[in-house]
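Notes to accompany the following structure.
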Amino acid sequence: MRISQLATESGVPVATIKFYLREGLLHDGELTSATQASYDDSHVLRLRLIRALVGGAGLSIADARELLGGVDAPPQSGHDLLGIAHHALARPVDRSADIAEVDALLDGWGWVSDGCDDVGKAAVAEALEGVRSAGFAFPDGMLDTYARAMHEVAEAEIAGVPTDSTESAVRYVVLGTVLVEPLLLALRRLAQQSASYERFGARPLG
C-alpha cells in the first residue's frame, strides 16, 4: 500500500508517519521508485504500537525509540528485558540518594534486593522523602500493604511471561510493563472511589 493508504489503515496522518520514519520509530517501506515506497501490515501494526507508546503510555519520542530498539534487538537476559521497559518509564532521579533504608525495606519484605536496580531504589527513596517532607504519615502497616499488593501483581505478571519464543517474551515484558502502568494507576483511582463510597457514601465527614 502507498503511504496515503497506510494513513487510512492506521488512522495516523501522513505527516506524522513521515515524522516517525525520520525519527527511526517506523521501519522504511519497500522502494517502488525514487520517491515512493510500498508499505504492508507490519507498518500498520508498528504505527498502532507507536501511538500506544507515545499516546497511551505518554513516552517521549526518544524513550519510544529506545524501547522499540529493545523490542527489535532484545538483550539475551530475560531480566534485562525488564530493565529496558523500566528505563523508558523512569523519571530522572538523584542517583546519589541514600538507598540504605530502601534496601532494609526490601530485605524485610523478603524481596531479592540484588535483582532491583539502584535507579528504582533511588526513586523509592525520593518518594518516601517527599511523603515525609509534606508531613504525611502512613497509617500503621500501610507501606507493607502496598508492598504485598505490588509483589503479588509483579509475581503474576512475571509468571505469565511466555517462553515459547524470544519475540513473544519481549513483547509481553516490555510492552506489558509500559502499557499496563497507566492502567494500574487508573484502576487504583477507581478502587479508591469504590472503597470510599462503601465507607462514606454521601455522608459528610465529621
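Read-outs throughout are calculated quantities, based only on the coordinates presented, and are distinct from any laboratory measurement. Every value quoted in this text rests on a predicted model; they were computed, and no experiment measured them. Heads up, the Cβs are rebuilt from the backbone with ideal geometry, glycines too, and the neighbour counts pull from every protein chain shown.
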request  = Take VAL119 and decide whether it is touching a residue at least 12 places away in the same chain (Cβ under 8 Å) and either in a helix (DSSP H, G or I) or touching a Cys at 6+ places or on another chain (Cβ under 9 Å) (or both).
outcome  = yes
key: Selection count where residues are in a loop (DSSP other than H, G, I, E, B) and either on the phi < 0 side of the Ramachandran plot or surrounded by 18 or more Cβ atoms within 10 Å (Cβ to Cβ) (or both), scope segment 20-38   = 11
task = Please find, within segment 47-78, the residue that is farthest from ILE3 (Cα to Cα) out of those that are touching a residue at least 60 places away in the same chain (Cβ under 8 Å) and surrounded by fewer than 14 Cβ atoms within 10 Å (Cβ to Cβ).
result = GLY58
request  = Please tell me if ASP98 is closer than 27 Å to ASP63 by Cα, touching a residue at least 24 places away in the same chain (Cβ under 8 Å) and under 23 Å from the mean Cα position of the chain (by Cα).
outcome  = no
inquiry  = If the requirement is being over 20 Å from the mean Cα position of the chain (by Cα) and small (Gly, Ala, Ser), which of these qualifies: ALA85, ALA90, ALA15?
reply    = ALA15
query = Among the numbered criteria (1) acidic (Asp, Glu); (2) farther than 24 Å from TYR172 by Cα; (3) in contact (Cβ under 8 Å) with a residue 12 or more places away in the chain, which single criterion is violated by GLU30?
reply = (3)
